[in-house]
Amino acid sequence: MDSMHPDPAPAIPPSLSELKAQIARLEAAHKAKGLPLSGRIIHVMHHLPVEIVRIVPAESLEGNGGSVLQPPMTPEFKPEDVQATVESADAKWRIHSRTAHPALVSGIKSLSETHDQILVAWTGEVLLQPDTNTSPQMGHQSTFPSIAANLLAPFSNTNDANNVPPPSSEGPLMVFGGEFNNDEKKEVETELERFTEVETDVEKGGRLKYVPVFLPPDVSKGHYEGFCKKTLWPLFHYLLWLDSTANVPSPDPSWLAYHKTNQMFAQRVAEVYKPGDLIICHDYHLLLAPKMIRESLGQVFHPNAGWGTAHPSPALHNEKRKGFDWETSQGATPTNDKTKSEKIGGMLSHVGSALGQHLSVGGEHEQGTPIEVMIGMFMHTPWPSSEIFRCLPTRREILDGMLGANLVSFQTYSYSRHFVSTCIRVCGYESTTGGVDANGQVTAVGYCPIGLDVKRVIHERDLPGVIPKMEALKQLYKDKKIVVGREKLDVAKGVYNKLQAFEKFLQVYPEWRNKVVLIQVTTPALSESPKLERMTAELVSHINGTYGSLDFTPVHHYHQALEKDEYFGLLSVADLALITSLRDGMNTTSMEFILCQEKTFKSPLVLSEFMGTAASFASALQINPHDLLGVAHAINKGLTMSEAEKQERHAKSVEGVLGHTSHTWASTILKQLLENVGGEHTAHQTPALDVQKFASAYKKAKKRLLLFDYDGTLTPIVKVPSHAVPTERTRNAIQTLSDDPKNIVYLISGRDGDFLEEHWGHVAKLGMSAEHGSFVKQPGVEEFINMTEALDMSWMSEVEEIFKYYTERTTGSTIEVKKASITWHYRNSDPDFGEFQCKQCLDLLESSLAPRRPIEVLVGKKNLEVRPLAVNKGEIVKRLMYENPDADLIFCAGDDKTDEDMFRSLRTVFPPGGVQSDKPVIMKPPVAVTAAMDPEDAEELPDVELHIRPEQIFSTTVGPPAKKTLAGWHVTCPEEVVEALETLLGG
C-alpha cells in the first residue's frame, strides 16, 4: 500500500492574509522599481463558467433537422435552484452559472478583492431552447432521475414538494451547431456584462469580467473533442493511443484545430491586454497560448537572450586597456589569431541562469523602457514522464508554447520534475535552479496543489436538506457498512479496477459478505466509451449475482447526476471512501469526503497513490489500484480500523484540506508569478554598473563586504586553467582593499585551495573560499576549514559510477574528483555529441539521484558538476552576512552559473516584496554555519538582525549587456571589475 518514492508532502502555505500581504509587498516593490502593474489579471481558460441559452421559436428547431442539434452532456450535479441567471430584455438569451470546476472558479474569484479580473474563454456549446412563453426556469432541471427516487422513496416525506421536482413546461435543450454573426456576438457580450453585475450581487463579491471567444463549430469540435479528448487527455493520464494513430491523416486535422483555437485565444487576449496586466493560462487546452500571446503582443524571440522587441546589445568594444595584457601574463598561452573583442566576447557569450524571467516586451511606457509581458501557466492535469510525452508528434511545439510563460506550475512535485525532464530529453534544453533554460529564455517551474472552496463545501454540507438524506441512507443500510465512490466513467478514473478490487475483497474476506455495500456514482466522461460502460455494467451484474441475494445487493451503481444534498449525505454516512484512479490531478471527492466526515464518523480514506492529491494525504490508506489484492486488504483495514487510529488519521487529513484551499492556491500562483517577473528573485537584464553611485556608497559605509569570483571575474577564462593568473593591477587592487580595516574581502572560487594559496596566499587579510564553498579560510588564518565534514558524502561513489558510464561512451571526456564534489568534463569531446551526452547524464542525475540524495547538479562550461546540496557559493555569502550583520555595503562580483547562487542569496535574505520600514530584517543561522556543528550546538545559535538594505548591495555580473542574471548590475569584462575597484581607491 506504500508507494516506492512518494512525492514530498507539500508544505502548508502561509495563511491567506499573509499571502495577500506578501503579494501586496511584491507589487509595491515592482512599482518602486518602475515596473508598471495595472492591477488587472487576465485568466485564460477553455470554457466560460456560464451556460448560454438562446431562446428561439419552436418552429425554427423543427426545421433544422437532427444533423445539427444534439442533447447536451449530462453534468456531474443537477442544476442548483439558487444561482445567478440573466435573461435578455427581448427574451432572446438566458445566461446562468455552470457547476463545473467550482474550485478553479472560486479560486479565481477570490483574487477579485484586490485585483480587477478578466476571464477570456470559449462560450461553450450554446444551447437552443424553444420559446414556450413560460417563465424562465432551468430547462433541464427535471430531466435527471434522482437516487432519492430509487433508494430513499420509502423514507421520504411524500408531502414535501422539494422531493419530486415538478415537470418542466419548457422544451428540451439542444446544442446549437452554427456560427453567430457580429450583431449576435455583441448581444452575447452585452448579456455577459449584465450577468457579471447579477452574479456579483448574488455572490456578494468575486467580480469577473467575461470576455467570450467565439470559435467556429468545426474548430471547437476538433480542438476539444478531437485533440484535447483523444490525444492530450489520454497521454497525460498514461493512456497511449495504440494503433489508432495509423488512421490519423497528416497533418492531423485535430492538431490544426488545436493550433487555430490557441491562436484565436491569443488574439482575443491581445485585444483586451493593457501594459502591466498579469496573464494566467489554465490547463492542457491552451498549451500553445503563452508563446502565441507574446507573439500577438509583438514580441520576438532572440536565441540566447529570450523574448524582446529588439536585438540584444552589440558586441563589446575593442578598446585595449593599459595594464591588462592577459596574453603576456605569466604562463598565458598566446592566441594571436583572434581579435581582443572576439576573445572577450567568446568567453562571456553564455547566458546567466536563474529562475524564470524574460526580456521586456510589448511596447514602452513613459520612460522609454520596454514593458514586460508577464505570463503564468498552471496545469491542472497530471504531466507524464518524458518517455510517455515523447510519443506525441507535436511534442516540441507544445513544450515551446508552454515555455513562453514566465512560470509553469503543476499540482505536484513529481509532475514538475517530469516536465523539466521532458524539456531536457525532448528539446535538449538545460535545467536551471528552479526552472528550464530554453536558449536563453528561462522559465520557472513550480508546483502548488489546488484545493477546495472550503467555505462553500462546508455550507453545502450543513444545509438542512442533507440531514434527511443521511437519515434515509442510515435506515436503508442499517447494520451495513457503506463504501462510497464517485467518479466520471473514464478509464483513467479506475472505476473498473475498483469493482474488480471490491469483488476480490468479498472473495478474500467472506465474513464481510452481506455486511458491506458499495455505492458507486458515475457521470459521463470526457470521452464516451460504450465498451467501458458495458464492461462496468456486466461486472456489477456479475458481482451482484455472485455475492448478492434476493434481499441484498452488494454493488449499487448509478450512472447519473446527483443532487448536492444526496451527494453530501452519502459522503457523511459512509464508513469508507474508495478512490482508485489510475492517474488523476486534483480529486475533489477525497477532500469533500474528509470535510463531511468531520461531523460524523471520521471514516478512513483509501486513496490511489497515483493521485495528484496523494502527497497531501499521507495519512490516507494509499494503494496501487492495479494491485487488486492490496486494495482488498486496504478496504478490510479501513473497515476494521480502531476509533483512535481513525481520529489520528482524520486529523492529519483535515489539516491538509484546510491548509490547501482554492483561495490559497490562487494567491500562491499569483505570488509565484510576481516572484518571477520584474527581476524579483529572477534572472533579468541589468544596467551597467554605476561606478559613481558605488563609490559614493563605499565612502559612506562603515563596514563593507567585498566578494569576488576568480575565473572570469578577476581574470578571463583561458583554455588552460592553470594559465589564469592575476595581473599586477589586480593584485594591487585586492591587496589595498584587504588592508582597509573597514573591509572584509573574500575570493569565492570553484578552484581548489592549493591554487588560491599559490596566487593569493601572500595577501594576509584576504579570506578565501575554495571548491564553491566547500572549504573556507578566514582572513588572517592559515588553514582552510572543511565545510563538508559533517555532511553525508556517500553519494559520490554513485555519481562517479554514472560519470564512468558516460566517460566510456564519450571520447575525450574525463572525470575530476575533488574533496567535496565530482565533475565530468567534455571539453575535449566532439562538441555536439558531448553536449548531447551531458544533457542525457543531467536528466539521469536529476530524475533518479537528486530527488533522494542531498546533492545538486550544475551545468558548467563544458562540464557537469555534482556537489553537496547544503554547500555552495550562496551559502558562503549567507555565512559572511550572518557573521557580519553590521555590514552596510556589499559588493559581489561573478560571471557564471555558480555565481548566481551568490546573487540569489543576496536577494532571498530579504522578505518577498522587500523590506518593511517598521520591521527589522532577521536572519537565521545558515547551513554554512551549522553544517560543521553538532545539532545541539546549532540550535543554540541566535538569529541576527541585518543592517544591510537592498539598495546598499551592488551585486554585479560579468558578461554582455543582454545577459540575464540575478545580479543588480553588470560589467562587460574583468578589466571593468578592476577599474571599478581602482575608482574606489582613487586610482
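The values are calculated or read from the model by the stated rules, or taken from the named source; none is laboratory data. This structure is a prediction, so every number in the text was calculated from the model and none was measured. Don't worry about glycine lacking a Cβ; one is built from the backbone with ideal geometry, like all the others, and counts go over all protein chains shown. With ligands, DNA and RNA removed, areas are computed over all heavy atoms of the protein, side chains included. Shrake-Rupley method; radii C 1.70, N 1.55, O 1.52, S 1.80 Å.
Quick look at the values:
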item	result
Complete set of residues in the range 19-36 that are modelled with pLDDT under 90 and of a type in the set (D, E, K, R)	ARG25, LYS31, LYS33
Entirely in the range 726-844, the strands (runs of 3 or more DSSP E) that have 2 or more residues that are crowded, with 16+ Cβ neighbours inside 10 Å	743-748, 766-770, 775-777, 822-825
Flag if THR908 is surrounded by fewer than 16 Cβ atoms within 10 Å (Cβ to Cβ), modelled with pLDDT of 85 or more and of a type in the set (Ser, Thr, Tyr)	yes
In the range 906-938, the residues that are without any contact (Cβ under 8 Å) to a residue 24 or more places away in the chain and out of contact with any helix residue (DSSP H, G or I) (no Cβ under 8 Å at 6 or more places or on another chain)	SER917, ASP918, LYS919, LYS924, ASP934, PRO935, GLU936, ASP937
Any hit, the range 847-858, residues being charged (D, E, K, R), open to solvent by 40 Å² or more (accessible area, probe 1.4 Å) and at pLDDT below 90	yes
Hits in the range 765-803 - residues which are at pLDDT 90 or above and under 34 Å from the mean Cα position of the chain (by Cα)	TRP795, MET796, SER797, GLU798, VAL799, GLU800, GLU801, ILE802, PHE803
Residue within the range 260-274 that is modelled with pLDDT of 95 or more and over 25 Å from ILE41 (Cβ atoms) present	yes
Failed criterion for PHE891 (all others in (1) farther than 19 Å from PHE708 by Cβ; (2) open to solvent by less than 60 Å² (accessible area, probe 1.4 Å); (3) of a type outside the set (Val, Ile, Thr) hold)	(1)
Filter pass, PRO382 being assigned to a loop (DSSP other than H, G, I, E, B) and open to solvent by less than 10 Å² (accessible area, probe 1.4 Å)	yes
Inter-residue pairs, beta-carbon under 9 Å, first in contact (Cβ under 8 Å) with a residue 60 or more places away in the chain and open to solvent by 20 Å² or more (accessible area, probe 1.4 Å) and in the range 865-878, second aliphatic (A, V, I, L, M) and in a loop (DSSP other than H, G, I, E, B), 6+ apart	ALA870/MET787; ALA870/LEU791; ALA870/ALA931; GLU875/MET787; GLU875/ALA931
Positions within the range 491-502 being open to solvent by 10 Å² or more (accessible area, probe 1.4 Å), touching a helix residue (DSSP H, G or I) at 6+ places or on another chain (Cβ under 9 Å) and in contact (Cβ under 8 Å) with a residue 60 or more places away in the chain, in sequence order	VAL491, ASN497, GLN500
Members of the range 427-468 found to be aliphatic (A, V, I, L, M) and either open to solvent by 30 Å² or more (accessible area, probe 1.4 Å) or not in a helix (DSSP H, G or I) (or both), listed by number	VAL436, ALA438, VAL442, ALA444, VAL445, ILE450, LEU452, ILE458, LEU463, ILE467
Every pair of residues 6+ apart whose Cβ atoms lie under 7 Å, when the first sits in the range 199-218 and is in contact (Cβ under 8 Å) with a residue 12 or more places away in the chain while the second is surrounded by fewer than 16 Cβ atoms within 10 Å (Cβ to Cβ) and of a type in the set (A, V, I, L, M, F, W, C)	VAL211/VAL272
Complete set of residues in the range 545-571 that are out of contact with any strand residue (DSSP E or B) (no Cβ under 6 Å at 6 or more places or on another chain) and open to solvent by 50 Å² or more (accessible area, probe 1.4 Å)	GLY545, THR546, SER549, LEU550, ASP551, THR553
Criterion: closer than 30 Å to PRO384 by Cα and either touching a residue at least 24 places away in the same chain (Cβ under 8 Å) or not basic (Lys, Arg) (or both) - qualifying residue of THR546, THR589	THR589
Answer residue from the range 617-635, given it is under 21 Å from ALA651 (Cα atoms) and not in a strand (DSSP E or B) and is most open to solvent (accessible area, probe 1.4 Å) among those	ALA618
In the range 595-616, the residues that are surrounded by fewer than 24 Cβ atoms within 10 Å (Cβ to Cβ) and among the hydrophobic types (A, V, I, L, M, F, W, C)	LEU595, PHE601, PHE610, ALA615
Residue in the range 669-692 that is of a type in the set (Val, Ile, Thr), modelled with pLDDT of 95 or more and not in a loop (DSSP other than H, G, I, E, B) present	yes
Residue within the range 518-534 that is surrounded by fewer than 20 Cβ atoms within 10 Å (Cβ to Cβ), of a type in the set (A, V, I, L, M) and at pLDDT 90 or above present	yes
Residues that are modelled with pLDDT of 80 or more and surrounded by fewer than 16 Cβ atoms within 10 Å (Cβ to Cβ), drawn from the range 161-183	GLY178, GLU179, ASN181, ASN182, ASP183
Sole residue being of a type in the set (A, V, I, L, M, F, W, C) and closer than 20 Å to LEU869 by Cα, chosen from VAL799, VAL763	VAL799
